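The values are calculated or read from the model by the stated rules, or taken from the named source; none is laboratory data. Bear in mind that the values here come from a model prediction, so they are computed numbers and not experimental data. Cβ placement follows ideal geometry from the backbone for every residue including glycine, while neighbour counts extend to all protein chains displayed.
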Amino acid sequence: MSKKYYWLKLPKDFFVDPKIKKLRRIAGGDTYVIIYLKMMLLVINTDGILVFEGIEQTFAEELADNIKVVLAYLTSQGEMIEIEDDQFLLQRVKYLIGIETDAAERKRKQRKKEQGVTLSHDSHDMVTTSHTEKEKEKDIESCFLKKEESKKLKKQPLSLLKNSPLPIPKKVTTTDDKIIMEYDRFITKVGK
């Protein structure tokens, strides 16, 4: 049986969120924020659902006074809602949960290894050495060079085309109309 790993993805602005800042301003607020974080971790594998175990008469009686304050605050701010008599949903948790099995972790590492991803010795940046990516870069580069060459040719007079590495159309004559038509056909072929 594979293990499941859960994690809580806090946004970088979690502690500057107005609701969290307001909770922190209450006397003992830092403790309440830690209780809230711990509550989110406790319900991470139940998609944010907090279950009343029925040890006391009410859910609030089962909890310590500090937790009652946090629950009251979360309810007043719409962060926690009652979905049944014995179940409460911490709204934010379902958007902050990450999950992965150990098999998925192994497969992810294997894919990285197969792609040739290695860590640079000088920095912690990822360096990719995939063969297909190099081929794609060469194709893009050669296509770009062809387009650049055709742009240069369009700007050059026909007399300079004799020195060009690209073949010159054979039917170019001294008649201006024929030269322009052949030149346009040539540029169209080269541009593709």
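Of note:
- Consider region 38-95 and keep the residues that are at positive phi and among the small types (Gly, Ala, Ser). The one that is nearest to the chain's Cα centre (by Cα) is Gly48.
- Considering the conditions (1) at pLDDT below 90; (2) in contact with a Leu (Cβ under 9 Å, 6 or more places away or on another chain), Glu62 is excluded by exactly one of them, (2).
- Just one of the listed residues (Leu96, Leu63, Leu90) is farther than 19 Å from Arg24 by Cα and touching a residue at least 40 places away in the same chain (Cβ under 8 Å), and it is Leu96.
- Residue match in region 34-57 (condition: farther than 26 Å from Lys22 by Cβ and either outside the structural domain of Leu8 (by TED's automatic domain parsing) or assigned to a helix (DSSP H, G or I) (or both)): yes
- Looking across region 72-95, just one residue is among the basic types (Lys, Arg) and surrounded by fewer than 18 Cβ atoms within 10 Å (Cβ to Cβ), and that is Lys94.
- Of Lys107, Lys68, all but one fail to be more than 25 Å from Leu23 (Cβ to Cβ) and either in a helix (DSSP H, G or I) or out of contact with any Lys or Arg (no Cβ under 7 Å at 6 or more places or on another chain) (or both); the exception is Lys107.
- Taken across region 78-90, residues that are part of a helix (DSSP H, G or I), at pLDDT below 85 and not β-branched (Val, Ile, Thr) do not occur at all.
- Screening Met39 on (1) within 30 Å of Arg106 (Cα to Cα); (2) exposed (fewer than 14 other Cβ atoms within 10 Å of the Cβ) shows it passes everything except condition (2).
- Qualifying position, being more than 14 Å from Leu90 (Cβ to Cβ), out of contact with any Cys (no Cβ under 7 Å at 6 or more places or on another chain), assigned by TED's automatic domain parsing to the domain that holds Leu63 and not in a helix (DSSP H, G or I), among Lys22, Lys12: Lys12
- Taken over region 5-27, the residue count meeting the criterion of being over 17 Å from Glu79 (Cβ atoms) and either surrounded by fewer than 12 Cβ atoms within 10 Å (Cβ to Cβ) or among the hydroxyl-bearing types (Ser, Thr, Tyr) (or both) is 4.
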